[in-house]
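Encoded as structure tokens, the structure appears first; notes follow it.
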């Protein structure tokens, strides 16, 4: 190994390049990370963040370039070797076994044993010592399914600390947390930093990045744009560095002009996949010309609620009306024909057919209409003209509408879904997690389209795990917890902290104040 001297950075990446067929994901990237700092890495989707972290954790090998840890040149040939070098990654989607305890999840795969027999007492002492040292308030014998999302995340962090990690990589760590849980996470991260740990923080949420990071590195189109001190920059500058142009950060909207009730939900209950109630006696309405947002931590019935509204899940009890028409028992097609546009939370499984072309996806659901077909045949010229018009109007970046839609970025895929659903001239748009996984430029575009739909007199129902998104988009907000709407506000009437209490179930409005 080559030694570069004392007082060096804990990580140095020099001229890291990684190529895939038709794509340079990382293009001669240089990055320095100091020991004991919280270093944020930001960039649009496709900027190269994930590829760079996969190289650092041994999942990919660079085509060119060198990695230095503590001044020593190293080769990281796999995740086990990354852990051996003190690098651990906390993934956005937790990798826990719900029926196992906190202790069992933390030590799984690295159990202290003698002669093939688990030394449970030693394992418990190690885990409890880690909890004390880093002020992680967890009980070793609690089963993971009884933990909040924030507590589950702490278990994931303890897993990598238990394995000796000195460098922690956190991928979108606040994506599913309530505001109070974000504050608790940041307290934990600062404690880790104070005890000498180095943290790489990957996020799209620039306010949080500016709050927690010491330095911020920005990637754009596979290249390093620059590294700045968090205290010497702001959200506007970071956005411009990420996108390469000024970005509208504040949602600009006029006072809503509401009309008739378009969607009315009365005492709705829906069963979950395990045969237990997932939605419990929910009642609210959405008027023409308004955006009604549903805020809540994921897993509190949002998915089941939306699936019931669009005909993908059976209603257990209650009534749903769209423009006065009852829809319980109707098929997906019948509900869409009533004037419903649906932007699903999982665009790959619910919104698109990935092997099909862009033009085929742009006309899905419309291909049976008289405009585009007759018995046993399609009007291909009309369909292609329709697809090309949508691509222009919604600024979908592509070479040809003949490309498979899987070749497009996530943001451009979402634009195709938006364009298709808007082209149906819907009275009601149901948008579930509409900007999940999108970068700041694509988020800006989606927000503008939803505001435009509302200003055209459409009713819009938005469900999002991003609380700031819900509050900035919506005219009214309902908070869902354990399958119930526990509070309803106008965004200007509530603080992030207060709404967080409702999301965590520690506070609820009286029943007569909900769903009005």
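Over the stretch 403-487, all Cα pairs binned in 5 Å intervals from 0 give whole-percent P(r) values of 3, 13, 24, 24, 18, 12, 6, 1, 0, 0, listed from short to long. Spatial offset of the stretch 127-162 relative to the stretch 474-493 amounts to 30 Å, using the alpha carbon center of each. Spatial offset of the stretch 66-98 relative to the stretch 279-296 amounts to 43 Å, using the alpha carbon center of each. Dimensions of the chain along the principal axes, based on C-alpha atoms and rounded to the nearest Å, stand at 72, 52, 47, largest first. The ranking of 359, 84, 145 by Cβ neighbour count inside 10 Å, starting from the fewest, reads 145, 84, 359. Counting only DSSP beta bridges with both residues in the chain, the antiparallel share comes to about 60 percent. Arranged from fewest to most other beta-carbon atoms within 10 Å of their beta carbon, 482, 217 become 482, 217.
I want the antiparallel fraction of DSSP beta bridges within the stretch 11-243, as a percent rounded to 5. Don't skip to the end; give the middle numbers.
Values: 24 of 41 bridges.
Taking every DSSP beta bridge with both residues in the stretch 11-243, the antiparallel ones total about 60 percent.
Enter the angle in degrees (range 0 to 90, nearest 10) between the Cα long axis of helix 440-455 and the first principal axis of the Cα atoms of the chain, meaning the one along which they spread out most. Once rounded, the angle reads 20 degrees.
Dividing the convex hull volume of the alpha carbon atoms of the stretch 346-425 by its residue count gives 89 Å³ per residue. The relative contact order of the chain, computed from alpha carbon pairs under 8 Å that lie at least 6 residues apart in sequence, is 15 percent.
Only helical runs count toward this figure. For the chain, summing -39,500 (n - 2.57) over DSSP H runs of n ≥ 4 and dividing by all residues gives -9000 deg cm²/dmol at 222 nm. Residues 49, 54, ranked from the fewest to the most other C-beta atoms within 10 Å, line up as 54, 49. Give the Debye-formula value of log10 I(q)/I(0) at each listed q (0.10, 0.11, 0.20 Å⁻¹), with one equal scatterer per alpha carbon of the stretch 1-158, two decimals each. Evaluating at q = 0.10, 0.11, 0.20 Å⁻¹ gives log10 I(q)/I(0) of -0.49, -0.59, -1.23.
Quick note: the coordinates plus some simple rules give every number you see, no bench work behind them. No experiment lies behind these values; they were computed from the predicted model shown. Neighbour counts are summed over all protein chains in view; Cβ atoms, including those assigned to glycine, are modelled from backbone coordinates with ideal geometry.
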